[in-house]
Structure formats: C-alpha cells, structure tokens
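Contents: one structure, followed by commentary.
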Amino acid sequence: MAKYIPYNYNQNLMVVINFQDQLQAGTFEHALHYLVTKKLDLSIFESAFKNDKEGRPAYDPAILLKIILFVQIPAQPEHSFWFNVNTYSGRS
C-alpha cells in the first residue's frame, strides 16, 4: 500500500486557521472536499506509488487534486475560503 505524508484538517497554523472550520457547509470548498473524499475513486493512484516499504511518503493524491480543482474552478468570492480568512484577519 502506498505511503502518504500524513495530514490533519483539524490543525492550526501560525495564522490560526483551522482548515476543518473553513469547510463550512454550502461553500465551494466544502463541496470540493466532499466530492474528492467521498465520491471519487482515487484508487488508480495507489499502483503508481512504490513507497509502501521504503522511500519518502508521497503527498496524498486527494490533496493535490483538491488544489488543482480549487485553482481551476472559479468560485464566488463571498463563498470562498479566502473571503473567510480575510474576514477573520480584518483585511478586506
């Protein structure tokens, strides 16, 4: 089985952004997260990784796919993650 770099959506960064809290129902980010983690079969990527016993853990293909789709599919600013970050940080 492929070995991926561990990640945790319930983590805090230096700017105190909890990614799990940002996945609010009804937002583009929440829909994208749900689609990639619950609806898509990403098992095709498993055979491409030969690092289950040795080698550096790879980035989870689900995370990379979310990044690619997030960048490629425009979202309305008022429903996006960055709008929420700017609201919390006091920027506009």
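The values are calculated or read from the model by the stated rules, or taken from the named source; none is laboratory data. It should be emphasised that the depicted structure is a prediction, and the values quoted were computed from it without experimental measurement. A quick note on method: Cβ atoms are made from the backbone with ideal geometry, for glycine too, and the neighbour counts reach across all protein chains shown.
Results for (1) loosely packed, with under 15 Cβ neighbours inside 10 Å; (2) assigned to a helix (DSSP H, G or I), shown as yes or no for each residue.
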| position | (1), (2) |
| --- | --- |
| GLN24 | yes, no |
| HIS30 | no, yes |
| HIS33 | no, yes |
| LYS38 | yes, yes |
| PHE45 | no, yes |
| LYS53 | yes, no |
| ARG56 | yes, no |
| LEU69 | yes, yes |
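From ILE63, ILE44, which residue is within 19 Å of GLN11 (Cα to Cα), β-branched (Val, Ile, Thr) and at pLDDT 80 or above?
ILE63
Given the criteria among the polar types (S, T, N, Q) and at pLDDT below 80, does ASN18 qualify?
Criteria met by ASN18.
State which residue pairs qualify: first residue free of Cβ contacts under 8 Å to residues at least 24 places away in the same chain and inside region 15-37, second residue surrounded by 12 or more Cβ atoms within 10 Å (Cβ to Cβ) and not in a loop (DSSP other than H, G, I, E, B) in any location, beta carbons under 7 Å apart, and separation of 6 or more residues or different chains.
Qualifying pairs under 7 Å: LEU23/GLU29; LEU23/HIS30; LEU23/HIS33.
Residue pairs, Cβ under 6 Å, 6 or more apart or interchain, first in region 1-14 and at pLDDT below 80, second in a loop (DSSP other than H, G, I, E, B) and among the polar types (S, T, N, Q). List them.
ASN12/ASN18
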